[in-house]
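Here's the structure we're looking at; comments come further down.
The values are calculated or read from the model by the stated rules, or taken from the named source; none is laboratory data. Just so we're clear, the structure is a prediction, and the values are computed from it rather than from any experiment. Methodologically, a virtual Cβ is constructed for each residue, glycine included, from the backbone with ideal geometry; neighbour enumeration extends over all protein chains shown. Surface areas here come from the heavy atoms of the whole protein model, side chains and all, with no ligands, DNA or RNA. Shrake-Rupley method; radii C 1.70, N 1.55, O 1.52, S 1.80 Å.
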Amino acid sequence: MTQDLLQLISDEMKGFSKGQRRIGAFILEHYDKAAFMTAAKLGETVGVSESTVVRFAAELGFEGYPQLQKSLQDIIRNRLTTVQRMEIIDEQLSGGVDVLHRVMSSDADKIRRTQEEIDPKDFDTVIDSIIGARRIYILGLRSSGVLAGFLSFYFNHIFEDVVNVGAAQGETFEQMLRIGPNDVLIAISFPRYSQRTLKAVHYAKKQGACIIGITDSTSAPLAGMSNHVLLARSEMASFVDSLVAPMSLLNAIIVAVGLRKKHETSNTYAMLERIWSEYDVYEKNEEIHSAP
């Protein structure tokens, strides 16, 4: 229904009540703003009651207003420009709102919902695929490059053959040249979805690699291209992408893999600790006594 929602509203306009037509007209013209309004706020904006908004959602075939709102958010997920996202967050956080509390509470909620919605069996299947791979490729571009870098940093401590595909800009396909059926590509993609990521995933899939997609929605382009998908919530309509839940998910993956390869991981870190100590990589944790 998501893709056809705006067309559905347009087609049903004549059959709506006067109040519902006002809701429909506002959504058609300002769906980017409506997607982040509560039922009460949307009703107040167009001059109808909250219950009228709820009935409008039911008229369109939704169980309730939250389902309609989610469909609107799916529509705009990859359409909003940075300027539009800035305008939306400015409206949401205006009027003396505590930005620190609002943003951090929203991020905490995303982690909670991500945890609740991931099937442990799907998570275990992903871990099995990673451990059984000949070579592990990790791909995340633009803002998702931070996530790919984090995962690559720790996986290089655990595995012998890890390739961070996005680390060298412009050389994506060169780095994936020899990817094959015994390899895994962990692709990370969050709005706004990078076309270059999707093209690289398409190539890896053609070469027979197992694709593990980490994204935010079953309707995301990466989801339909992946052999296994783990979803992490990232819904904040801000000019800054909220990557807290994806980062937490990657942290869980790293810990799970490390525990499954406990012996190898322990040996690696024992060796690293000796190297770090010999070459003074980290500040020594020694007690500093002040002069009397």
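Worth a mention:
- Highest to lowest packing among 260-271, 176-187, 206-217, scored as the average C-beta count within 10 Å: 206-217, 176-187, 260-271
- On Cα atoms only, tilt of 195-206 relative to the major axis of the chain in degrees: 60
- The stretch between ASN267 and GLU117, if pulled fully straight at 0.36 nm per residue, gains 50.5 nm over its current Cα-Cα span.
- Solvent exposure ordering (accessible area, 1.4 Å, most first) of PHE36, PHE190, PHE173: PHE173, PHE36, PHE190
- Counted residue by residue at 0.36 nm each, then reduced by the alpha carbon distance between them, the extension gain from VAL255 to SER10 reaches 83.3 nm.
- Calculated FRET efficiency for the pair LYS18/VAL146, C-beta based, R₀ 41 Å, to 0.05: 0.25
- Per the Debye formula on identical point scatterers at the alpha carbon atoms of the range 1-76, with no solvent, log10 I(q)/I(0) at q = 0.13, 0.14, 0.18, 0.22 Å⁻¹ is -0.29, -0.34, -0.59, -0.93.
- Two-site label geometry, ARG134 and GLN207: point separation in nm, points 7 Å out along Cα→Cβ: 1.1
- At a probe radius of 1.4 angstrom, the accessible area of the range 181-266 per residue rounds to 41 square angstrom.
- A Cα-only calculation for the range 130-276 places Rg and Dmax at 15.1, 47 Å.
- Approximate shape of the chain as ellipsoid semi-axes (Cα gyration tensor, √5λ), whole Å, largest first: 43, 25, 16
- Probe 1.4 Å - accessible area at GLU117, Å² to nearest ten: 110
- Rounded to 5, percent antiparallel among DSSP beta bridges of the chain: 0
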